[in-house]
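Student: Have a look at this one.
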Amino acid sequence: MGTFRSYGYVPLEPPTVELARSAAGLDERRVLRFLDRDGSLLALRPDITTAVARVVAQRYREARGALRLAYFTSVFRQEHSMRGSEREYDQAGVELIGPSDRVADAEVVALLADALRACGLATAEIDVGHASVLDGFLDEVAEVARDDARDRARAGDLVSLLEIVRAAGLAPARVGQLRDAFRHRGPLAPFAERRDQLPPRSASAVGELLELAELLEAAGVSLPVRYDLGLVAPLGYYTGITFQAIAPGLGSAIASGGRYDGLLARFGTDRAATGFGIAVPHLHQALVATGQVAIDDAPLVTLEGGTPSHTLRVAAALRGAGVSVAIGAVAESAGRPVVALRVIDGTRVERDGLVTPVADIAADLASVPDRREDRG
Amino acid sequence: MRGALRIALAQGVILPDTLKALAAVGLPVDGLTGHRRLLVRADGIEYVLARPQDVATYVAHGAAELGIVGRDVLLESDEDVIELVDLGYGVCRFVVAAPAGSLDRSLEAYQHLGSLEVATKYPRVAERHFQRRGIQVELIKLSGAVELAPQVGLSDWIVDLVSTGRTLRENGLEVVEEIATCSARLIANRVAYARERQRIAELADRLEAWAGARP
């Protein structure tokens, strides 16, 4: 969250419970739903971006400037049982609402990289694509086939995607181009040269990616960026540049995001927007895979012995000096080193058999910098 | 990441063709037969031999970067993977079948009763199909010998996987409708497909060329 703040984002806590019908963009079987007492169907928010879009469309209807919002909160998805996935997990992310230019796209990509770096993840890569690469090709096929084709692409079924567009009248040369585009990941140069040969919307998508590449070069992104023309976001509301963060040792993306210019209009306020969400459990797994988990190593003092009033006085003195104190023994210290002290009186404690003034203990322990967990 | 590309291969009827395909595109497959080890290493490639249903699971979770498995398994498992290449072998079809000559009778019964009973080993495929068609059915999940169900009065229709259709005919059933044609697919984990794009795309190109050149 510290990194988000440094880019000027303000925290927002979107509502957890929403009306089931506003839970857009996701297979409704994956939404956790329940009935209210008056019979209306409610849902636990399955997607933060949609929830934030709704809040913004309602609360900031009159706002004209850029809104920079950050959140750290949970999302709920109905998963098939026994798939090793959780129904509730934390997600951290931002939404940048208002600007529709490439500078905004570059800002969120750079912010994602910085946030992951700040969490200690140096092995991730950022994959950047564009939702309209496919749209350009679909403009040239029969309209009835488009939804089906998009659906197959989102599901990752590239075999059926090519079959559908071929059957729906896409020229063989175009089918070949689409196939090559979906296999391309890396520098944009080969596609930049042949850009005029692509369908118009695909060509302008590549154009936007080239602009973005230039900006990211200038911004000096803290993680490697790769351009992936086959990147299709699983959620349907993306309209422009999309991206995801991936890391070794992990089967799914750590974070994903992109431009979703049409989503706020669905809630009555037509504004451009982009953003991303980090799946916190995946980030943790990726950190574990690198073997360097950021743990809180500030010591935790436990106080025993002493009279209740002496113990409380010592505890207050130590806490006042910035030392963490628990009264009595602790069963769980979350990996922090525990320093056990025996209280003699209100100003002295016994540590490792030595009677020491509380002030000395405070000075000693508080000198260990208190590295609080910075969540993003 | 492991340096080696790990490929999960579905055991069973398609395995011999899978080995042929891999050998044809120059991958080492000698170590894969003649013993019962399930994890086999061979220059830069690591093979996992698994039950077809599990191949999709391994790949979806990233335990293997690539997999070769029938599309029938993918349709029923609903795992999130990238389907890259149609390898062309292991062809079979998901069909709706009914006792020969009974179609009119069962449709009439449907009008009266509002629902048909359908026995199947593939409930997800069957459910999706009838939902799309707007036909209300009661699904009965069986573990095998689904052809038997209409004969013993367990169900009106069945949804089953057929290759030649001989078993259907011998049990007095006929195809009412085809749901999907399936064959073996090269699949990839989403993240692996991004991270290892060059190696995977190259292999996909070679397999696609091999599949295209087959009669």
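Read the figures in this text as sums done on the coordinates, not as results from a lab. The shown structure was predicted, so the numbers you read here are calculated from the model rather than taken from an experiment. For neighbour counting, all protein chains shown are included, and Cβ atoms are generated from backbone atoms with ideal geometry for every residue, glycine included.
Student: Quick one: helix A:143-154 against the long Cα principal axis of chain A, what's the angle to the nearest 10°, folded into 0 to 90?
Tutor: 30 degrees
Student: Another question, if that's okay. Return the ratio Rg/(2.2 N^0.38 Å) for the protein assembly as shown, where Rg is computed over Cα atoms only.
Tutor: Here the Cα radius of gyration is 1.17 times the empirical estimate.
Student: What number comes out for the charge environment of residue A:209, summing +1 per Lys or Arg and -1 per Asp or Glu over other residues with Cβ under 11 Å away?
Tutor: Surrounding charge for residue A:209 is -3.
Student: Another question, then. When the expected Rg is taken as 2.2 N^0.38 Å, what fraction or multiple of it is the alpha-carbon Rg of region B:95-215?
Tutor: 1.41
Student: If R0 is 30 Å, what FRET efficiency do you get for residue A:7 and residue A:40 from their C-beta distance, rounded to 0.05?
Tutor: 0.20
Student: Next question. Using the Karplus equation 6.51 cos²θ - 1.76 cosθ + 1.60 (θ = phi - 60°), what ³J(HN,Hα) coupling, rounded to whole Hz, does each residue of region B:163-175 give in order, writing x for Gly and Pro?
Tutor: 10, 9, x, 5, 4, 4, 4, 5, 9, x, 10, 9, 6
Student: To the nearest 10 degrees, how steeply does helix A:308-320 sit against the main Cα axis of chain A, on a 0 to 90 scale?
Tutor: In chain A, helix A:308-320 runs at an angle near 50 degrees to the longest axis.
Student: Enumerate the amide H contacts of residue B:27 below 5 Å, restricted to partners 5 or more residues apart or on another chain; note that Pro and chain-start residues carry no placed amide H.
Tutor: The answer is none.
Student: Can you work out the FRET efficiency for the pair residue A:122 and residue A:189, with r the C-beta to C-beta distance and R0 = 25 Å, to the nearest 0.05?
Tutor: 0.40
Student: Bin by bin, in steps of 10 Å, what percent of the Cα pairs in chain B do you find, going until the bin that has the longest distance?
Tutor: Values per bin, smallest distances first: 8, 31, 28, 19, 11, 3, 0.
Student: Something else about it: Compute the separation of the alpha-carbon centres of region A:154-196 and region B:62-99 and state it in Å as a whole number.
Tutor: If you average the Cα positions of each part, the centres end up 22 Å apart.
Student: Sorted from fewest to most neighbouring beta carbons within 10 Å, what does the list B:76, A:95, A:86, B:46 look like?
Tutor: Starting with the residue having the fewest Cβ neighbours, the order is A:86, B:46, B:76, A:95.
Student: Which residues in region A:323-342 place their backbone N less than 14 Å from a point set 7 Å from the Cα of residue A:364 along the Cα-to-Cβ direction?
Tutor: Answer for this model: A:338-342.
Student: Still on this structure: What Kirkwood hydrodynamic radius do you get for region A:300-366 when you take the inverse of the mean 1/r over all pairs of distinct Cα atoms, in Å?
Tutor: Computed over region A:300-366, the radius equals 11.6 Å.
Student: Sticking with this one: Taking only DSSP H segments of four or more residues, each worth -39500 (n - 2.57), what value at 222 nm results for chain A once the sum is divided by all its residues, to the nearest 500 deg cm²/dmol?
Tutor: -11000 deg cm²/dmol
Student: I want the local charge near residue A:188. Using Cβ-Cβ distances under 15 Å, sum +1 for each Lys or Arg and -1 for each Asp or Glu among the other residues.
Tutor: So the environment of residue A:188 carries a net charge of -3.
Student: Okay, next question. Convex hull volume of the Cα atoms in region B:49-114, per residue, in Å³?
Tutor: Expressed per residue, the convex hull around the Cα atoms of region B:49-114 is 147 Å³.
Student: Counting other beta carbons within 10 Å of each residue's own, what order do B:137, A:10, A:325 fall into, fewest first?
Tutor: Lowest count first: A:10, A:325, B:137.
Student: So if I take the centroid of the Cα atoms in region A:36-76 and the same for region A:111-150, what is the distance between those two points in Å?
Tutor: Value for the Cα centre distance between the two parts: 23 Å.
Student: Compute a Gaussian network model of chain A, connecting alpha carbons closer than 10 Å, and tell me which residue from A:145, A:192, A:334 fluctuates the most.
Tutor: A:334
Student: Another question about this same structure. So what is the relative contact order of chain A, in percent, for Cα pairs below 8 Å that sit 6 or more residues apart?
Tutor: This gives 18 percent for chain A.
Student: Could you give me the radius of gyration and the Dmax of region A:225-371, taking only the C-alpha atoms into account and expressing both in angstrom?
Tutor: In order Rg, Dmax, the Cα atoms of region A:225-371 give 25.1, 69 Å.
Student: For a footprinting-style exposure proxy, rank B:157, B:210 by other Cβ within 10 Å, fewest first.
Tutor: Listed from fewest to most nearby Cβ atoms, that is B:210, B:157.
Student: Another question about this same structure. Report, to the nearest 10°, how far helix A:200-219 tilts away from the longest principal axis of the Cα atoms in chain A, using its own Cα long axis and a range of 0 to 90°.
Tutor: Helix A:200-219 and the main axis of chain A meet at about 30 degrees.
Student: Could you work out the helix-only [θ] at 222 nm for chain B, with each DSSP H run of four or more residues adding -39,500 (n - 2.57) and the total divided by the number of residues, to the nearest 500 deg cm²/dmol?
Tutor: -10500 deg cm²/dmol
Student: Now for a separate question. Using a Förster radius of 56 Å, what is the FRET efficiency between residue A:171 and residue B:152 based on their Cβ-Cβ separation? Nearest 0.05, please.
Tutor: 0.60
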